[in-house]
1. Please work out whether segment 187-340 counts as rounded, prolate or oblate from its C-alpha gyration tensor, where a ≥ b ≥ c are the square roots of the eigenvalues and a/c under 1.5 means rounded, while otherwise a/b larger than b/c means prolate and anything else oblate?
2. According to the Kirkwood expression over distinct Cα-Cα pairs, how big is the hydrodynamic radius of segment 96-151, in Å?
3. Can you work out the FRET efficiency for the pair LYS62 and GLU253, with r the C-beta to C-beta distance and R0 = 51 Å, to the nearest 0.05?
4. Per residue of segment 83-99, in order, report the coupling 6.51 cos²θ - 1.76 cosθ + 1.60 (Karplus, θ = phi - 60°) as ³J(HN,Hα) in whole Hz, putting x for Gly and Pro.
5. Going by the alpha-carbon gyration tensor, a ≥ b ≥ c the square roots of its eigenvalues, is the chain rounded (a/c under 1.5) or, if a/c is not under 1.5, prolate (a/b greater than b/c) versus oblate?
6. Using Cα pairs closer than 8 Å and at least 6 residues apart in sequence, work out the relative contact order for the chain, in percent.
7. Does segment 175-269 classify as rounded, prolate or oblate by the C-alpha gyration tensor (a ≥ b ≥ c root eigenvalues; a/c under 1.5 gives rounded; else a/b over b/c gives prolate, otherwise oblate)?
8. Dipole of the chain, Cα-centred, from +1 at each Lys and Arg C-beta and -1 at each Asp and Glu C-beta, to the nearest 20 debye?
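The values are calculated or read from the model by the stated rules, or taken from the named source; none is laboratory data. It should be emphasised that the depicted structure is a prediction, and the values quoted were computed from it without experimental measurement. Cβ placement follows ideal geometry from the backbone for every residue including glycine, while neighbour counts extend to all protein chains displayed. Areas reflect the complete protein model, heavy atoms only, side chains present, ligands, DNA and RNA absent. Shrake-Rupley method; radii C 1.70, N 1.55, O 1.52, S 1.80 Å.
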Amino acid sequence: MPRRCHAKGFASRYSESYRVGLVPIHFPKRSRRNVVRQESADGAGAKRSTRVRLRPRADWHKRNFLTSVLIPSLFVKRAGGPAAPDFPTVREGEICITWIGHASFLIQTHEVNILVDPIWSKWLKVIKRLKQPGFEIHHLPAIDFVLVTHAHFDHLDRRTLRRVAADQPIVVPMGVGNLVHDLGFHIVHELDYWQTVELGPLKISLTPCHHWGARFLADLHRDFGGFVIASNGRTIFHCGDSAYFPGFKEIGERYNIEVALLPIGAYEAPTGREVHMNPEEAVKAFLELRAEKLIPMHYGSFRLGFEPLHEPPQRLLTAARAHGVAEKVLVMTEGKPIVL
């Protein structure tokens, strides 16, 4: 994978400033990596729970996800074909956003490259990827910072992260650090809700969402959230995974969000639980965030719900037109950079 020569120097330049006011976490296994947490502040120690209920809906068994979705998907040819991306030159004050697929984004400024929830894997255990990533992983530019919203396999893909790691910082929610600390990152920042870490020219803040973060069934100590990425007066909000909840209004009050990356798929969950927003709820969240641009994500790559892959963007555009905000919706194509 090609690397710009400044990437390693960028990480080492700020490594000492990262440690100020941070509390190191020691793991029982030997590791050369550092995981740090900020001291609790702004009510972080008494935060309200935003975890969804894990009990399936009473009628969840009336539809069989295995026979109606998983098995048929095995015989579906993957759509798309990765091509070498044409990354533009990003000038000062501009941001370039490239949707890789699912919830994975490459975000570029004129100074740094940020990767959010990267996954190039073709399988989620037994769930087949039905749309190829927008480009191959070896076409990535040097990555300065990595952000992971939570520990679910479709967002925290250890195989991908190991290939991306080049001694740069990574930011995760509380309790997720031990899943990534041994993959080759220089330092791991664990954030609680509303906490912010400064990474070079960026300010990265973790926001609440309505989801859950367990890697496995009994793995409930791990947090989850979204990220507000602020740089040079520009602000991008990556929601992570979330069902709709009233917290979007507070996020919009706390941050001046320009671009909102919001999930619109997997809303007909196999368990019947409301764990992801549907497209209509995404429009409602967008309005409460008071953002300027809505970019949909979390659809089209993996079939994680009963709804067909083509349905989410169609419903999104219909809902946006009904609310008079269709011109603010930007439906991206995987692997095609957009400069804003």
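1. oblate
2. When all Cα pairs of segment 96-151 are included, the Kirkwood radius is 12.1 Å.
3. It comes to 0.80.
4. With the stated coefficients, segment 83-99 comes to 10, 4, x, 9, 6, x, 6, 9, 8, 4, x, 9, 10, 10, 10, 10, 7 Hz.
5. Taking the square roots of the gyration eigenvalues as a ≥ b ≥ c, the chain is rounded.
6. Details: 775 pairs, mean separation 65.2, N = 340.
Normalised by residue count, the contact order of the chain is 19 percent.
7. Because a/c hits 1.5 or more and a/b fails to exceed b/c, segment 175-269 counts as oblate.
8. 1120 debye
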